[in-house]
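Notes to accompany the following structure.
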Amino acid sequence: MDDVAIIGAGPVGLALAILLAQNGRSVRVFEQRSVPAAHSRAFGLHPPAQQVLDQLGVGEAAQRHGVQIRGGLGISRGRSIAAMDFATIGGQYPYVLSLPQQSTEQLLRERLEQLAPGSMMWSTAFEQVLKQSEQAVEFAAGGVVHRALWLAGADGVRSAVRTDLEVGFAGRDHRDRYLMGDFPDTTGLAHTAALFLHQQGIVESFPLPGARRRWVVRVEQKLADDSPGTLAETILSRTGYLLDPGTCTMTSYFGTATRMVSSMVHGRVVLLGDAAHQISPIGGQGLSLGLADAQAAASVFAAGAPAGSLDDLRLAAARSAARRAQVNMLLGRALPSWTVPLRDSVISSLAASAWLKQKVARSFTMTSPGQRTIPVA
C-alpha cells in the first residue's frame, strides 16, 4: 500500500510526488495518457513557483531552460503608456520564468524517476473510488484495485476523481475568449512582456525559450477560422507586427471561467490544482497556484496534520488569484473609440506612481513583502 496515490502526471501531481518521495514517503502516479503531452500550454512560473522548483531539486535546470520575463510594457495607439520593472519586487527571483509546460513536466518526471524509480504508471486511467476508511482509501485504476493512505486528484479541470465523488464545482463561464499561438520572436522586446491595449481587444505577447514568443488575442466569439493565418492577421491589425503564419508552432482557442470546489478534502481524497479551482489563464497564475497546492498538501501529508487545513490556505489563494484574473480580463476588453484616450491618460497617470507600480508588479508576480514558502516536514 502506497502512502499517497496521485491521479494525474501534470506539474501538480509530479510536484506532490517528488516532495513526498524526498521525505521517504512511498508514492505512485497514475496517468491515463500513454505518452507525455507535447503542447506548450502554461509557461509562467512566478517567483513563489520558482521557489517550489528549488525545493523539488529542479530549480537550476528550470532556470537554464527558461527565459526570464523581467518587466512589461503597456502599449496603446503605437506608444508606450506604462512600463513595469519586476526588479522592484526584490527577492531571489525578481522576474517571471517563462518555461513551456512540457519542459517543466520533463524536468519533474526525470527528478521523480531519480527518487522513486518505476512510480509513474502510464496508460492507467482512474476509474472510481471503491471505499474509504479512517486509515486508507481503495480505488480502481487501469482495471486494477489499489490502496493508499491518501488519494490525490491532480487530474485537471475535467477531473475524473472530482466527478466520481460527485463534488460540486460551482462558478460560471466568462464572456472573455482568446486565440493564442507561438511564433518566432521578431519584436526586439527581448525579456519584456507587452500588452497592446487595442480598442477591439487586448493582444498580449510574452517571450518563450528558443527565441520564440507567445501571442494571445482577445476575440468576441469563437472564430470560424482560427488558423495561424487568422491569428497573424489580427496581430498585425492591432499591433503592427508582421508574423509569418508558416512559422507558427501552436494555435489554441480558449474560453474562460471561474469555478471552485467548496472543499478540497473529501475523506482520504484530496483535490489539487485545476481539479479544485479553475481560474482564467489570463495572467498565467494557474501553474504557480497548482504548485503551491502541491507544496501545501505535501506538508500536510508529511506532518500527519488534518488535511482540512488545506481549504483555508489554498482556496483563499485561489479566490485571490481569480480576482486578479478577472481584473486582467476587464482591462483587456474592447472599448468604444472615444474612451481610449481617457483610458490611456488614466493609465499613464497611475503608472507615474512608484508605489502603485510596485504594487502592480507584486500582483503580476504573485508576491507579497516577506513572503515565505511552506516547509515540508
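Brief remarks follow.
- Of residues in segment 327-343 being surrounded by 18 or more Cβ atoms within 10 Å (Cβ to Cβ) and in a helix (DSSP H, G or I), the one modelled with the lowest pLDDT: 328
- Of all the residues in segment 188-223, those that are under 23 Å from residue 335 (Cα atoms) and not aromatic (Phe, Trp, Tyr) number 20.
- Top-ranked residue of segment 157-169 - restricted to ones that are farther than 13 Å from residue 264 by Cα and in contact (Cβ under 8 Å) with a residue 40 or more places away in the chain, ranked as surrounded by the fewest Cβ atoms within 10 Å (Cβ to Cβ): 157
- Boolean, residue 105 is under 30 Å from residue 215 (Cβ atoms) and either surrounded by 18 or more Cβ atoms within 10 Å (Cβ to Cβ) or out of contact with any Pro (no Cβ under 8 Å at 6 or more places or on another chain) (or both): yes
- Residues of segment 79-103 satisfying the condition of being touching a helix residue (DSSP H, G or I) at 6+ places or on another chain (Cβ under 8 Å) and under 24 Å from residue 250 (Cβ atoms): 95, 96, 97, 99, 101, 103
- Just one of the numbered conditions (1) in contact (Cβ under 8 Å) with a residue 12 or more places away in the chain; (2) part of a helix (DSSP H, G or I); (3) among the hydrophobic types (A, V, I, L, M, F, W, C); (4) surrounded by fewer than 18 Cβ atoms within 10 Å (Cβ to Cβ) is not true of residue 236: (1).
- Restricting segment 55-114 to residues that are closer than 30 Å to residue 198 by Cβ and without any contact (Cβ under 8 Å) to a residue 24 or more places away in the chain, the residue that is nearest to the chain's Cα centre (by Cα): 87
- Filtering segment 37-45 for residues that are at pLDDT 95 or above, of a type outside the set (S, T, N, Q), crowded, with 23+ Cβ neighbours inside 10 Å and under 19 Å from residue 285 (Cβ atoms) leaves a non-empty set.
- Test: residue 214 is in contact (Cβ under 8 Å) with a residue 40 or more places away in the chain, in a helix (DSSP H, G or I) and either of a type in the set (A, V, I, L, M) or on the phi < 0 side of the Ramachandran plot (or both): no
- Residue match in segment 222-230 (condition: surrounded by fewer than 20 Cβ atoms within 10 Å (Cβ to Cβ), part of a loop (DSSP other than H, G, I, E, B), among the hydroxyl-bearing types (Ser, Thr, Tyr) and under 21 Å from the mean Cα position of the chain (by Cα)): no
The values are calculated or read from the model by the stated rules, or taken from the named source; none is laboratory data. Here the structure is a predicted model, which is why all the values come from computation and not from measurement. So basically every Cβ, Gly included, is an ideal-geometry build from the backbone, and we count neighbours across all protein chains shown.
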